[in-house]
Amino acid sequence: MADFSEEVAERATDLQQLAITNPSEVPLDELYEIISTPTVSPNTHGAAIVALLNVARARDDVGSAFVDDLDRLLNRPSLNDALVLRCLRQLAANDPAAVLRIQEGITARISLEKSEITQAATGCCVELASTEPQAFVDHVPMLSALLDVENETVRTNAIYILSQVAHEYPEEVKPMVPQLIAGITERDQSYQTNALSALGAVTSAYPATAKSTTEVLAELTSASALKVRANAAALLADIAKEHPDAVEDHVPALIDCFHSDDEFLCGNAASAVLQIGVQNRAAVEEAIPALIELLDDPSPVVRRNACKALGQLEATVALVQLHSVAESDPDEKVRELASWAIDGIS
């Protein structure tokens, strides 16, 4: 028996090394046999799991076959839970549905005490949250608590998961708004981006939620990170739907966004101008020349938003350009919106 155990341990070590140097050559059936055998030592299981982790990083066809056995190993004494969870995260990146089966066992390991295990567990949940945000609704209070821990990776993982939940269930994340508002000026761009995304999802459903943040959001439209700028402009558009007066002072900042090559930033800024103009055309009069220029933007999304805004603003000075767009724009939806704008202006 000792000879067998030593032989399996040596083979696991060999596979671990092979997975580092040439992961495509690792025989998955041998890995599976080692990982699924309950009697081998924790060190042997650990070596096989490290091998599987490296293989899964290199190959996207490695997933469901190993999930149930890894779930069992999460409960094995002397085996590093964080290692198992990191391996499950990589499998989830390849096949999230397979790992969702054991989601409860993963979230059960999230706590405020065990930083390494919580970091690995929340990292695994990052790969699952966009596929099934409902699975994390009951965990919103714990995720909220994690936004205040010292471990930056845990905080970033938690805010990402909350952002995914917020897009489907904004009412569940609404109580976290003060924390989200605090996060939109976070120095870490990933955290900041996801705080804006979560706050945007809540604000889309409850426009008054972020009304007090418009000045900060206007400043963020000139941030260095494009995702931050685009999310900030989107938030201003959401607020302007019901509270345009809270955003109208920031029209110059929105116009500056039109000069970006990023279609999301331009489109979101145009949408914000449109929402303001619905209630107060005079407040966005200065944006009309810039909106006309956007009719030549390479992005059909930007051109569509420009047509909507110009039509809503009854911009007679744009009629010549709108007629040209209605006749010759390569995008059918843009042509339709240009025609709609012309009808509204004429």
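The values are calculated or read from the model by the stated rules, or taken from the named source; none is laboratory data. Fair warning: this is a prediction, and the values are worked out from it, not measured in the lab. Ideal geometry is used to build each Cβ from the backbone, glycine not excepted, and the neighbour counts take in all protein chains shown. For the accessible areas, the whole protein counts, side chains as well, though only heavy atoms, and no ligand, DNA or RNA atoms are used. Shrake-Rupley method; radii C 1.70, N 1.55, O 1.52, S 1.80 Å.
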- Tell me, which residue of region 296-315 that is assigned to a loop (DSSP other than H, G, I, E, B) and touching a Leu at 6+ places or on another chain (Cβ under 9 Å) is modelled with the lowest pLDDT? Leu313
- Message: Would you confirm, using the coordinates I've provided, whether Val149 is in contact (Cβ under 8 Å) with a residue 12 or more places away in the chain and assigned to a loop (DSSP other than H, G, I, E, B)?
- Response: yes
- Message: Being in a helix (DSSP H, G or I), touching a Lys or Arg at 6+ places or on another chain (Cβ under 9 Å) and modelled with pLDDT of 95 or more: is that true of Ala326 here?
- Response: yes
- Show the residue pairs that are 6+ apart or on different chains and have beta-carbon atoms under 6 Å apart, the first residue being within region 325-346 and farther than 16 Å from Leu294 by Cβ, the second being in a loop (DSSP other than H, G, I, E, B). Ile345/Glu314
- Message: Restricting to region 278-335, and then to whatever is more than 22 Å from Glu248 (Cα to Cα) and polar (S, T, N, Q), can you tell me which residue is least open to solvent (accessible area, probe 1.4 Å)?
- Response: Ser299
- Query: What do you reckon, is His250 farther than 23 Å from Val325 by Cβ and in contact with a Lys or Arg (Cβ under 6 Å, 6 or more places away or on another chain)?
  - Reply: no
- Selection status of Ser339, assigned to a helix (DSSP H, G or I), surrounded by fewer than 17 Cβ atoms within 10 Å (Cβ to Cβ) and among the hydroxyl-bearing types (Ser, Thr, Tyr): no
- Query: Of the conditions (1) buried (at least 22 other Cβ atoms within 10 Å of the Cβ); (2) among the polar types (S, T, N, Q); (3) over 26 Å from Gly105 (Cα atoms), Asn194 fails just one. Which one is it?
  - Reply: (3)
- Which is within 22 Å of Thr214 (Cα to Cα) and among the small types (Gly, Ala, Ser), of Ala121, Ala166? Ala166
- Item | Condition broken by Leu91, with the remaining ones in (1) assigned to a helix (DSSP H, G or I); (2) more than 23 Å from Tyr169 (Cα to Cα); (3) open to solvent by 30 Å² or more (accessible area, probe 1.4 Å) satisfied | (3)
- Query: With Ala47, Ala65, Ala56, Ala121 as the choices, which residue is open to solvent by 60 Å² or more (accessible area, probe 1.4 Å) and assigned to a helix (DSSP H, G or I)?
  - Reply: Ala65
- Task: Can you work out which of the residues in region 258-295 that are among the polar types (S, T, N, Q) and part of a helix (DSSP H, G or I) is farthest from Leu235 (Cα to Cα)?
- Result: Gln279
- Query: For Thr221, are the conditions met, namely being under 30 Å from Leu146 (Cα atoms), buried (at least 24 other Cβ atoms within 10 Å of the Cβ) and either hydroxyl-bearing (Ser, Thr, Tyr) or more than 26 Å from the chain's Cα centre (by Cα) (or both)?
  - Reply: yes
- Note on the structure: Across region 163-191, the tally of residues that are open to solvent by 60 Å² or more (accessible area, probe 1.4 Å), in a helix (DSSP H, G or I) and farther than 18 Å from His139 by Cβ stands at 3
- Message: Please go through region 48-80 and give me each residue that is of a type in the set (Lys, Arg), touching a helix residue (DSSP H, G or I) at 6+ places or on another chain (Cβ under 8 Å) and farther than 17 Å from Leu128 by Cα, ordered by number.
- Response: Arg59, Arg76
- Among the residues of region 125-162, which ones are in contact with a Pro (Cβ under 6 Å, 6 or more places away or on another chain) and open to solvent by 60 Å² or more (accessible area, probe 1.4 Å)? Thr131
- Task: Please list, ordered by first then second residue, the pairs with beta carbon atoms under 6 Å, 6 or more apart or interchain, first in region 58-74 and under 17 Å from Val40 (Cβ atoms), second among the hydroxyl-bearing types (Ser, Thr, Tyr).
- Result: Asp69/Ser36
- Task: State the number of residues belonging to region 94-117 that are in contact (Cβ under 8 Å) with a residue 12 or more places away in the chain, closer than 26 Å to Ala145 by Cβ and part of a helix (DSSP H, G or I).
- Result: 10
